[in-house]
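Here is the structure we will look at.
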Amino acid sequence: MLSKRIIACLDVRDGKVVKGVNFEGLRDAGDPAALARRYNVEGIDEIVILDVTATVEARQARAHTIAAVAQEIYLPLAVGGGIHSEADAAAAIEAGADKVSLNTAALKTPELITTLANRYGSQAVIVAIDAKRGDRTAPHEGAPYDRVPYNVFARSGQAATPRDAVEWAREATDRGAGEILLTSIDRDGTKAGFDCAMTAAVSDAVNIPVIASGGAGTFEHFAEVFRDGHADAALAASIFHFNEKSVSALKLFLDAAGIPVRL
């Protein structure tokens with residue numbers, strides 16, 4: 001069995017790492033390069049930089065932040081936020097990113113997934129899906145009525161779309177995405193645990209890795225999303241940024257629980 005990955009997320013605004021709850025109420029969590037340096041030492045498997053206001057402000061992710069983080073780590077770095085074109089993706093990769101994450105742009109122009117996969121390989125293209133649980137009885141594009149639909153949102157959770165997360169994940173996979181970064185807006189920053197049902201629904205629908213995001217609060221939450229959510233990786237921010245939990249201790253816990261991780 002492949003090792004499960006632990007990923008730290010750096011939500012960046014104005015050059016600082018920030019964190020909120022349900023995508024709102026952002027507060028300062030530190031310097032991105034300093035946090036990346038710490039995670040590199042602690043044994044994190046990957047780092048994701050998400051420029052949380054780049055799309056809203058209609059600009060690219062800031063290259064100097066990407067470069068500063070890339071200089072501090074010796075592990076995969078993914079970058080998202082404000083990547084709307086092939087040129088934007090190229091700028092992120094030239095600044096030091098190994099992967100790019102598409103969200104709003106992929107929803108608006110799905111062909112961009114294929115374009116980037118053809119240029120850089122599917123392993124370098126992540127499609128980020130931000131979703132909320134919907135009403136089982138509400139009409140929803142592509143969503144079967146034998147399960148709760150998971151409504152996809154764009155623009156950092158500000159804009160509802162007619163998409164269902166499971167169906168959109170399938171389409172993104174068909175178009176060439178190499179990974180899905182699935183965030184539960186309902187759980188984001190709450191530390192109440194990952195949405196394992198949503199994660200499992202998406203994981204079971206696609207044949208590419210799914211990264212679970214939103215809700216990490218305890219070590220057991222990670223074990224649950226790997227066991228019950230069938231996730232290939234789990235991403236967290238708050239519990240790592242504020243020194244509530246250490247990456248090394250988490251990995252020891254997961255190893256003892258029989259979940260394969262890179263120690």
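Numbers below:
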| read-out | value |
| --- | --- |
| So Ala200, is it outside any loop (DSSP other than H, G, I, E, B), of a type in the set (Gly, Ala, Ser) and within 30 Å of Glu244 (Cβ to Cβ) | yes |
| Any hit, the range 13-29, residues being surrounded by 19 or more Cβ atoms within 10 Å (Cβ to Cβ), at pLDDT 90 or above and under 18 Å from the mean Cα position of the chain (by Cα) | no |
| Residue that is least open to solvent (accessible area, probe 1.4 Å) [pool: residues in the range 203-214 that are assigned to a loop (DSSP other than H, G, I, E, B) and either at positive phi or polar (S, T, N, Q) (or both)] | Gly214 |
| Any pair with Cβ under 7 angstrom, 6 or more apart, that starts in the range 173-198 at a residue that is farther than 18 Å from Ile239 by Cβ and ends at one that is part of a loop (DSSP other than H, G, I, E, B) and of a type in the set (Val, Ile, Thr) | Thr173/Val206; Thr173/Ile208; Ala177/Ile208; Gly178/Ile208; Glu179/Ile208; Ile180/Val206; Ile180/Ile208 |
| Enumeration of residues in the range 149-184 that are in a loop (DSSP other than H, G, I, E, B), at pLDDT 95 or above and at negative phi | Arg175, Ala177, Gly178 |
| Every residue from the range 109-128 that is without any contact (Cβ under 8 Å) to a residue 40 or more places away in the chain and either open to solvent by 40 Å² or more (accessible area, probe 1.4 Å) or under 14 Å from Ile47 (Cα atoms) (or both) | Thr109, Thr115, Arg119, Tyr120 |
| Pair list, Cβ < 8 Å and 6+ apart or interchain, from the range 91-108 residues that are touching a residue at least 40 places away in the same chain (Cβ under 8 Å) to residues that are of a type in the set (Phe, Trp, Tyr) and open to solvent by less than 10 Å² (accessible area, probe 1.4 Å) | Leu107/Trp168 |
| Unique residue being basic (Lys, Arg) and buried (at least 24 other Cβ atoms within 10 Å of the Cβ) when the list is Arg187, Arg147, Arg163 | Arg187 |
| Scope the range 102-133; condition of a type outside the set (A, V, I, L, M, F, W, C) and within 14 Å of Trp168 (Cα to Cα); matching residues | Asn103, Thr104, Lys108, Thr109, Pro110, Glu111, Asp130, Lys132 |
| Selection from the range 229-245 of residues that are open to solvent by 40 Å² or more (accessible area, probe 1.4 Å) and in contact (Cβ under 8 Å) with a residue 12 or more places away in the chain | His230, Asp232, Phe242, Lys245 |
| Unique match (being free of Cβ contacts under 8 Å to residues at least 60 places away in the same chain and either within 14 Å of Ile7 (Cβ to Cβ) or basic (Lys, Arg) (or both)) among Val206, Val225 | Val225 |
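Let's see how each residue does on (1) under 26 Å from Thr114 (Cα atoms); (2) under 15 Å from the mean Cα position of the chain (by Cα); (3) buried (at least 22 other Cβ atoms within 10 Å of the Cβ):
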residue	(1), (2), (3)
Thr183	yes, yes, yes
Gly193	no, no, no
Ala216	no, yes, yes
Phe219	no, no, no
Glu224	no, no, no
Arg227	no, no, no
Leu252	no, no, no
Asp255	no, no, no
Ile259	no, no, no
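The values are calculated or read from the model by the stated rules, or taken from the named source; none is laboratory data. Just so you know, these numbers come straight off a predicted model, no measurement behind them. Quick reminder, even Gly has a Cβ in these numbers, built from the backbone with ideal geometry, and neighbours come from all protein chains shown. Only protein heavy atoms, including side chains, enter the accessible area calculation; ligands, DNA and RNA are left aside. Shrake-Rupley method; radii C 1.70, N 1.55, O 1.52, S 1.80 Å.
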